[in-house]
Every structure is written in structure tokens, then in C-alpha cells.
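Written out below as C-alpha cells is the structure these notes cover.
The numbers here are math on the coordinates, done by the rules we state, and not lab data. Just so we're clear, the structure is a prediction, and the values are computed from it rather than from any experiment. As a convention, Cβ positions derive from the backbone with ideal geometry for all residues, glycine included, and neighbour counts pool all protein chains shown.
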Amino acid sequence: MIRRHGLFALVLLLGVAAGLRDHLDELIAQTDLPPVLAETSVEVRDRNGALLRVFPVEDGRVRMAVQAAAVDPAFLAMLIAYEDKRFYQHNGVDARALLRAGVQALRAGEVVSGGSTLSMQVARLMENSGTGRWRGKLRQMRVALALERRFSKAEILNLYLLHAPYGGPLEGVRAASLAWFGKEPARLTQAEAALLVALPQAPEGRRPDRYPDAAKAARARVLHRINAPEAVLSAPVPKSMRPLPRLAAHLADQLRVARPGIERFDLTVDAEIQRSITALARRAVAGQAAGVSAAIVVADHQTGAVRASVAAPWYDGRNAGFVDMTRAARSPGSTLKPLIYGLAFDQGFAHPDTLIEDSPVAFGRYAPQNFDGQFRGDVTVREALQLSLNIPPVRLTHALGPARLMEGLRRSGAEPQLPGGLPGLAVALGGVGLSLNDLVQVYAGIAQGGVARPLHWEQGGSPAPSPRVMSRAAAWHVGHILAGIAPPAGTGAEVGRIAYKTGTSYGHRDAWAVGFDGRHVIGVWLGRPDGTPVPGAFGGDLAAPVLFEAFGRLGMPLTPLPAPPPETLILSTASLPLPLQRFRGWEAAFAGARDAPIVRFPPQGAVLAGGGDGVPLKIQSGRLPLTVLVDGAPFRTGLRRRDVMLPAALDGFTQIKVIDAAGRAASVGFRID
């Protein structure tokens, strides 16, 4: 009878247990899990993967994407050994650990050990619930069991690594490792790993910058658990929380606004160059008048990739530091003169050794003056550009037409802004709005043999095909002239290594210097972001020394400037074709007259098939004899016919200029495929 009752009781107990188990299974299955997809900080990285900028998420917290594979395995082993040694065996709740914690609490009258598993801690972090009350603990157990059913151990570990708190705004092991130790968590020392294991249990009470003794004691408990050497126990803890990097901050802001939803931006910027050029910008404004700021852009003109973009010395309220001065439209002063001369070379108006008058001139009510108020009479174009005279480039712009100069800017990739609408001759001396990025693009095109080189900031982008702004020969001539300008005193630089030009806008509001060697192009701007004058500020005095120092900070020798292309016409003034020996503005002005030469074939911008006997050139009007230049080099002189066959060997973009006996010119550009 007793055996029968005992058997009945056993069956009843098993039935109750089974019922409880089924009820528990149903309860776990019905558990609503908190969202596990959390917003992570947008990261901006340099060309080598180094961190440039981290944007906080909600409430200013820094939560950086992380996977266990990117974390030091020794840290993971230490975390599991200290926090949850049966992590890979239990189903979310470690009954043995809970029993031990309960017995210890009863004996001591207080909580001695928690008994929480990593899964339970993840449940608490996901729900942002407390740790001490039994109701909260039971809820964590239920959520932990549900988590284990729906996620793998690896996924749960990744959730802990992403959400664990480490003091202040820091969430996750990556943000903690970068803020406390200045490095990614892939390679941590034992002491560093132990501190990161201990911090999440009391992230504010154990902050090493505020409570170093508590941080050391907590770290020591972790290290004792793994029997670490005594030397590790005595290692110092961090004294401060490092600010996360904020390099190229304006550029990062621009990209994030333009492309919301992107979690990571990989830039062409080089973090070391960016850091060094930022320091240079800060030094450049030290001792200057109040409110003076600086901006510097460094680019590889062979690819258009930006290596450094400093929009202001500081990213704060100092000197209007939040204003991005790489994109602000300002007057470029004399920095457009190289483009004017290059376009004039291509139109057959001038050659570096063409004589041009530096004398008083008026175009209607517009009478340009040289900066020093003096006139030098006849000078070569080379001298006019190197001396940055004002009257010669205005004469050339009058012959070219201001619209052609504006088109040259646009083909270079610039976005000129004209407050008055139609361009006038004043654009030659800076009467147009351009940004520092615009000017760097213009000079990059000159450095690349006349082919536009638009800047880009992100890796992986394939720049669109670039148009030709000027011929190879014209671009080489411009670069060669600029390289002959003496470097600023005290820089120790040699003439001929860097082709550069300075500029000062009207009223001393902007000081510029832009230059290139065979690989890099750099632009420098100094001034006040609000546009108020800086008395005594000149591009040659302020910006040029900064430009040359910037080249010295690239960490590599200067790349030689290129040799002249084979079609380059290198002759003295007396040896030039007669129409090129002297610029005659009044003759150039008649280029559009009824009997001026007109190229009827090939048409401007045509794409022609290569091969055959060549390309026929057909000319209408113009006073005989004619001179024909192909890419700046004489092809026919004394021509008394109006048609001629161009060379069959032409390939790619070709510029043809026809000059008649009166010095009037016409030109076309076309492409041979």
C-alpha cells in the first residue's frame, strides 16, 4: 500500500514538473524581446583605416559597432572566466551560480556574488533595467532564456560587447578601448583587458579618471582570478578619458549630411597628413589679428584624391571655427591669372615670350591698375605673370572674352559665383566668387597637363571623364613660369621645385597661395570668415610661407615637375612667328570681325575617327598668309590656301589655332578616337 502511494506521489510530482516545464516553455516562447538592433556611431576613416571622426548616437552616447572577432581573444577569455565561466554550457541561466549566490547572501546577510550570466546582463542592458530587485532579476532570467532560444552564443556575446557601459557616454568595448587606452581592442595588455572586464559592473563608481583606487581594486580582483603576475597588478590606470578623434571634422559633417544612413565613410584623407596640416593651420594664425582663420587643402593631382582638408584651425567657436572655409566663396585675387594666360596661349594670342604692354589702359569706364601703381612698359608674358601685373591679364581677358574665362573655370570643375550676373573684365583680377576647393581643382588641372582633375574625398569612387581645359603645351608653359617665381624668404626652398601663385583680394580680405609639384597640389587661404578686412594681409607674406611648409609636411620628397611635351614651342621672342612676337590687343579684338578667320571643319568638340590620311582642316576668311598651330606648335606657316590636311598621327584631344596675317585668330578643339 505504501509503495502504491509512493508511486502515485512520484507520478503526481513528475506530472506537476512536466506541467511547470510546459508552462515555463510557453512563458519563454511568449516573451517579447527588446529591440536588439541598436544604432551605432557613424565612423569616418582615413585611407588606411585609421579613425578620423566618431559621431555620437542618441543622448550623446558613443556606441561603436564591434564583433568578437575584432576583440583581443585574451580579453574574451578573461571576461568569460570572470563573469560567466559556464557561458557556453548553460541555457541563459546558470542554476549553480544562482544557488551559490543565494547561499552566500544568506550566510553573509548581503549580496556577495551576483550569479548573473552574460545572457542575463545582456537582457538587463537591452531593457535598461535595474540589477538588485528580485522582480527585475526574474525578468532578466526570462529574457535571457528567450535570448538563448533565438540567438547563438556568439550573437549574445556580440550584444554584450556592443552595449556594456564603461563610464560617461561610453557604450561597448570599442568605444571604451579607444577612450581609455587610445587604441582598438584587438590587442590589449592584461592590465587593460582586466580593467575593461571590471568597469561594466560599476561604470561610474570605478571610472579610473575619477576613482583610481576603486578602479585598481576592481581590476585586481579580475587579475587575481587569472593568477596574473604581480607586475601587472601594479600597472597604472588611465588618468583621463581620451577625446575620440575629430580630424577632418567639417568634411565629415558635410558627408554625413549629404548621405544620411551611411554607417561608415572611408575617405582618401591621410590621418597623419591631416593632423600635421591642422597643426600648421593653428600655427599660421597664431599671432595674427583677432578673428583671422585659415584653411588648407592638400590633394594628389594625379588622382584628385584629397589627402587633407582643414576647413578651420579649430572645430569650435574660436575664429568662427564652425564655418567651412574650404567651401566658402571668396574673391580669388590674382590666383586666376595662370588660367588666363593658359587660355590665351591656346587661342594663339600669346606665348610666354610674347611682348605685352604694361601701360595705362581703359576699357570703357574700367581702368585697371597695377598693385604698386607703376607701369613697366613692354614686358614678356612670362615676366607679367611672375610679377603678377594686373594690366596684361586684363588685356588678354578682353581678347579672350570674360565668358571664355568663366567657361575655363567651369571645365576645371570650379563653381564660380557672379553676384552681378554676366561676367565683366573684373573677373580677371578676382571679381568672382570661388572656394578654396575650386582653386585647388583649377591648379590640379594645370598640373595634370591641362586636363581637369576634380577633387574627391571618398575611396572607391571612379571620377567621371575629365574635360580638357587647355593644351598640354599651354599647361606646361604656365607651370614652368610659376616654378620660376622665387620661393618665400626663409623657407630654404629652391626655385623650380614648386609652381605656385599668390593672391590678395580687394581690401585685404583674403590671402591666397596655391601651388603644385609633380604629385601634389596645395591651396592655402587666410582671412576672416565674416569677410572683414585684415589690414596689411598679403598672399605673398601670409599664405606663401604656409604653402611651402605644407609641402614639407607631406612626409616625402618633392616630386619633380614634368618635362615639356614634344609639341611645346620653346623659342625666344625674336624667333616666334610674327603674330606671336607681340600681343596686339586691338587686332585680337577684331577676331570676330567679318573677314576674321573661321574654322569650318572640324567643328568644335567633334569626335572623329582616327587613321586614314589625316583630318582635313577647312578655313574661311582671314587675311593670307595663315599660320596653323597644332597643340601650340607651328604646323604650317605662310599658308596661302584655306584648306590643309592635318597629321594622320593625331590622337586624343587636339587644339587647332589659325592666325591670319592681321593677327586675328580662331581655334577649335576636337578628339580623335
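Here the gap between residue 187 and residue 464, fully extended at 0.36 nm per residue and compared with their Cα-Cα distance, gives a gain of 95.6 nm.
Around the amide H of residue 358, modelled in the peptide plane, lie the amide H atoms of 376, 377, 378, 379, all under 5 Å away and 5 or more residues distant in sequence or on another chain. Residue exposure proxy: 341, 166, ordered by other Cβ atoms within 10 angstrom of their Cβ from fewest to most, comes out as 166, 341. Computed from backbone phi with θ = phi - 60° and the Karplus coefficients 6.51, -1.76 and 1.60, the 3J(HN,Hα) list for the range 170-181 is 7, 10, x, 5, 5, 4, 5, 5, 5, 6, 8, 10 Hz; x is used for glycine and proline.
Full extension of the segment from residue 242 to residue 598, taken as 0.36 nm per residue of separation minus the current Cα-Cα distance, would add 121.3 nm. Model label points for residue 234 and residue 363, set 7 angstrom from Cα along the Cα-to-Cβ axis, are 8.0 nm apart.
Over the range 587-672, what is the relative contact order in percent, taking alpha-carbon pairs closer than 8 angstrom and at least six residues apart? Can you show the working numbers first?
Values: 206 pairs, mean separation 32.9, N = 86.
Averaging sequence separation for qualifying contacts and normalising by length gives 38 percent for the range 587-672.
Separation of the range 64-83 from the range 497-511 is 54 Å, based on Cα centroids. Of the residues 543, 373, 568, the one whose Cα sits farthest toward the positive end of the charge dipole of the chain, with +1 on the Cβ of Lys and Arg and -1 on the Cβ of Asp and Glu, is 543. Note on residue 530/residue 262: beta-carbon distance plugged into 1/(1 + (r/R0)^6) with R0 of 35 Å gives a FRET efficiency of 0.60.
Against the longest alpha carbon principal axis of the chain, how many degrees, from 0 to 90 and to the nearest 10, is the axis of helix 271-285 turned? Roughly 60 degrees between the two axes. Taking the fewest neighbouring Cβ atoms within 10 Å as the starting point, the ordered list for 517, 595 is 595, 517. For a paramagnetic label modelled on residue 582 (point 7 Å from Cα along Cα→Cβ), amide N atoms under 12 Å away belong, within the range 352-393, to 355-357, 378-379.
Averaged over residues, the count of other Cβ atoms within 10 Å places the peptides 253-266, 522-535 in the sequence 522-535, 253-266, highest first. Could you tell me the center-to-center distance, by alpha carbons, between the range 345-391 and the range 234-313 in angstrom? Result: 40 Å between the Cα centres. Karplus-derived 3J(HN,Hα) values for the range 441-458, using 6.51 cos²θ - 1.76 cosθ + 1.60 with θ = phi - 60°, are 5, 4, 6, 4, x, 5, 5, 8, x, x, 9, 4, 10, x, 6, 9, 10, 9 Hz; glycine and proline are entered as x. Beta bridges from DSSP with both residues in the chain: antiparallel share about 90 percent, rounded to the nearest 5. Projected label points at residue 613 and residue 36, each 7 Å from Cα along the beta carbon direction, are separated by 7.8 nanometres. Each label was represented as a point 7 Å from its Cα along the Cα-to-Cβ direction; for residue 153 and residue 370 these points are 8.4 nm apart.
Taking Cα atoms only, the orientation of helix 391-400 departs from the longest principal axis of the chain by about 90 degrees.
Please state the relative contact order of the chain as a whole percent: Cα pairs under 8 Å, 6+ residues apart?
10 percent
Assuming charge only on the beta carbon of Lys and Arg (+1) and of Asp and Glu (-1), the dipole of the chain about its Cα centre is about 1280 debye to the nearest 20. Scanning residues 5 or more positions from residue 596 or on other chains, those with amide H under 5 Å from its amide H are 622, with H placed 1.01 Å from N in the peptide plane. Rounding to the nearest 10 and keeping the result within 0 to 90°, find how far the Cα-based axis of helix 249-258 lies from the longest principal axis of the chain. Around 90 degrees separate the two axes.
For the chain, the mean projected area of the C-alpha convex hull, equal to one quarter of the hull surface, is 43.1 nm². Close amide H pairs (under 5 Å, H built 1.01 Å from N) link residue 636 with 628, residues at least 5 positions away or on another chain. Note that the range 300-308 has calculated 3J(HN,Hα) couplings of 8, 6, 6, 10, x, 6, 7, 9, 7 Hz, one per residue in order, obtained from phi through the Karplus relation 6.51 cos²θ - 1.76 cosθ + 1.60 (θ = phi - 60°); glycine and proline are x.
Taking other C-beta atoms within 10 angstrom as a stand-in for reagent exposure, 556, 406, 64 fall in the order 556, 406, 64, fewest first.
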